[in-house]
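Below: the structure, in structure tokens.
The values are calculated or read from the model by the stated rules, or taken from the named source; none is laboratory data. Keep in mind that this is a model prediction, so the values were computed, not measured. Using ideal geometry, Cβ is built from the backbone for each residue, glycine included, and neighbour counts are taken over all protein chains shown. Protein only, heavy atoms only, side chains kept; ligands, DNA and RNA dropped before computing areas. Shrake-Rupley method; radii C 1.70, N 1.55, O 1.52, S 1.80 Å.
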Amino acid sequence: MSVEKVESTLTDGADNSKSNTADEKGNDEVEEKTKSDAKTEETSEKSNGRTNIGEMGHCYCGKDRNLNIAELLCASCTRWFHESCIGYQLGKLVPFMTNYVFMCKNCSQTGLESFKKNQAQFPQMCVTAIANLIQTCQKESTNRTLFHKDRDIIPFIECHWESMTTMPRRVTQSWHSRIHKALMKDLGTLFIMDEDSDEGQLYGLVSSDLVSIKPNYEAMIKGGTLKITEIGVQQVASIPGGIRGRNAKRKFPGEGTGTGPGKKGGGSDMTTPKLPAHGYPLDYPKNKDGYRYILAEPDPHAPFRQEFDESSDWAGKPIPGWLYRPLSPSVVLLALHDRAPQLKVSEDRLAVTGDKGYCMIRSTHSICKGTWYWEAKIDEMPEGSATRLGWGQEYANLQAPLGYDKFGYSWRSRKGTRFHESRGKHYSPGYGKGDILGFLMILPDVHNPRHIPNTYKDRPLVKFKSHLYYEEKDHVADAIQALKPLEGSKIIFYKNGVSQGEAFVDIYDGAYYPSVSIYKSATVSMNFGPHFKFPPKDATFRGMYEKAEEAIAEQSMADMLYFTENEGKLRLDNFTL
């Protein structure tokens with residue numbers, strides 16, 4: 001797999017040849033700045049709502065470090081994270097790398113991990129190689145700490161070149177002399193040498209403590225590629241230096257000004273586009289052509305998870321779906337992936353603007369029991385435009401107005417008509433720009449096994465732009481056959497705090513999402529709570545914002561049920577797609 005570069009692009013700087021050593025002074029500065037955040041992390045849910053790392057703990061899973069696999073150090077909270085627990089597809093890595101910048105999802109402003117592998121300097125590659133050789137010898141109980149340049153160090157680098165650096169593999173062996181120069185230049189600071197050995201010159205590390213090998217984030221802070229803020233260490237999103245042309249290569253401190261595309265010594269520096277606030281991948285597979293795609297993250301509790309990550313036998317093979325789990329958003333927002341693509345969603349994912357014909361977007365979370373409420377404000381309603389807002393199930397047609405089929409119930413701006421199955425009935429006066437609308441759904445608060453969310457762990461995983469997704473085939477015909485009226489259910493709409501009466505009663509049973517469909521260029525903003533403009537006074541309800549935490553608990557329970565029901569069946573040696 002190719003190495004992916006995300007968000008900010010950074011460099012190691014001129015003196016990063018020593019970046020693998022522990023700069024305790026710098027770490028103290030970073031840790032001092034993030035001390036209060038670390039305490040907050042003990043008691044609060046983070047980006048996916050499942051992470052609760054103790055102040056002195058490591059990784060999302062809470063387990064100790066494992067030097068036998070690749071681990072990444074977060075630039076902000078200075079905690080180590082196992083490669084197997086990181087959701088972002090990192091590409092090929094080796095343990096003890098120092099030429100990267102990683103931000104965990106607890107510290108990232110987008111709520112998603114970011115990772116950037118930099119071009120490794122030869123001293124960094126030597127440190128990584130020797131550290132791996134030492135660790136291998138410790139596992140084999142040989143306890144060697146000194147290694148020959150030609151018989152040990154260079155073969156290791158040759159074997160793991162693509163994993164260790166973004167630098168293209170050298171065609172000739174002239175880089176062997178660079179290895180020798182790097183080892184000799186940093187004798188006493190990074191490396192030690194034994195000349196008295198019968199094997200010739202042997203090299204080792206000044207510090208035998210492999211745990212201390214980590215990126216020199218302090219040097220990056222001094223170099224301006226990382227900065228300390230009130231919320232911890234943040235990657236610098238843009239580099240000063242004037243406006244760049246459309247095809248200009250991005251320059252960074254320490255890079256030569258004469259290097260460009262196609263010139264010797266220059267590597268490509270393309271990065272993934274910046275993620276919006278409350279981020280979801282900007283490039284993602286759309287729900288269309290009878291298939292749906294659900295963003296997945298590694299499940300650290302899955303059986304044989306560590307064995308899978310330490311195995312090299314799975315390259316190019318399908319990944320078992322039960323090793324991952326659906327990503328549960330920590331807040332209720334408009335779903336980027338579950339919408340008609342022509343709709344324009346704001347960066348905070350709480351407003352949407354239409355385009356030409358009717359099309360629809362759903363929220364990230366749905367409800368299936370209890371009484372729930374959310375609000376919408378009509379920000380813009382140009383002449384000739386219209387909206388239909390309300391509640392819709394997952395199979396409601398995105399390229400049609402809400403209420404077009406059996407899966408949706410809507411309230412139209414024109415004449416206040418209510419719609420279901422394309423049949424409109426008079427309901428209330430219309431609404432327009434500036435109006436604040438309320439949407440209350442009342443469902444019997446009784447348990448039904450069908451309310452347990454799908455784990456998707458038996459579905460295939462597909463990779464798209466560095467992220468993994470579950471692929472689910474639509475079963476619209478079966479869903480229509482299964483629709484049954486739910487006695488006691490009802491939908492009530494509100495206009496500027498005034499109830500318009502019951503719009504629908506005994507609606508079809510199912511899971512319903514807050515949904516917005518727009519005709520032409522109207523703009524609607526969403527308020528899922530907790531601060532509503534006109535909370536209903538005639539009903540006891542829960543704001544849609546509460547569903548995020550509840551959904552995380554429900555998904556975790558569904559995952560546990562799946563593992564319990566399939567105990568002993570989930571094995572790597574007999575997995576077939």
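Values computed for the structure shown
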| read-out | value |
| --- | --- |
| Average projected area [Cα convex hull, the stretch 60-234], square nanometres | 11.3 nm² |
| Per-bin percent of Cα-Cα distances, the stretch 334-557 [10 Å] | 8, 34, 39, 16, 3 |
| Segments 503-513, 471-481, 346-356 sorted - mean Cβ within 10 Å per residue, highest first | 503-513, 346-356, 471-481 |
| Fraction of accessible area attributable to carbon and sulfur, the stretch 460-500 (%, probe 1.4 Å) | 53 percent |
| Packing rank of 62-73, 447-458, 88-99, where each peptide gets the mean count of other beta carbons within 10 Å, highest leading | 88-99, 62-73, 447-458 |
| Descending principal axes extents, the stretch 392-466, alpha-carbon based, whole Å | 48, 38, 25 |
| Share of carbon and sulfur in the accessible heavy-atom surface of the stretch 60-234 [1.4 Å probe, %] | 46 percent |
| Accessible area per residue in Å² at 1.4 Å probe, computed on the stretch 98-225 | 43 Å² |
| Vicinal HN-Hα couplings computed from phi for the stretch 507-524 (Karplus, 6.51 cos²θ - 1.76 cosθ + 1.60; Hz; Gly/Pro x) | 6, 5, 5, x, 9, 10, 9, x, 9, 10, 10, 10, 10, 6, 9, 6, 10, 10 |
| Equivalent ellipsoid dimensions for the stretch 287-426 as semi-axes, Å, which come from the Cα gyration tensor, largest first | 38, 16, 15 |
| Protection-proxy order for peptides 128-137, 390-399, each taking the mean of Cβ atoms within 10 Å per residue, highest first | 390-399, 128-137 |
| Separation of the V211 and K317 label points, Cα + 7 Å toward Cβ, nm | 3.4 nm |
| Neighbour-limited loop hits for GluC sites (Glu not before Pro), the stretch 485-577 (at most 12 other Cβ within 10 Å; DSSP other than H, G, I, E, B) | E487, E567 |
| Subset of K369/K415; K92/K463; K63/K463; K149/K181; K463/K569 violating a 22 Å alpha-carbon distance limit | K369/K415; K63/K463; K463/K569 |
| Rg over Rh, two decimals, the stretch 422-501 (C-alpha only, Kirkwood Rh) | 1.11 |
| DSSP-loop GluC sites (Glu not before Pro) across the stretch 125-229, with at most 13 other Cβ within 10 angstrom | E140, E195, E199 |
| Difference of contour (0.36 nm per residue) and Cα-Cα distance, K344 to R65 | 96.1 nm |
| Normalised alpha carbon radius of gyration of the stretch 509-577 [divisor 2.2 N^0.38 Å] | 1.83 |
| Full-extension gain in nm, N143 to R571, via 0.36 nm per residue minus C-alpha separation | 150.7 nm |
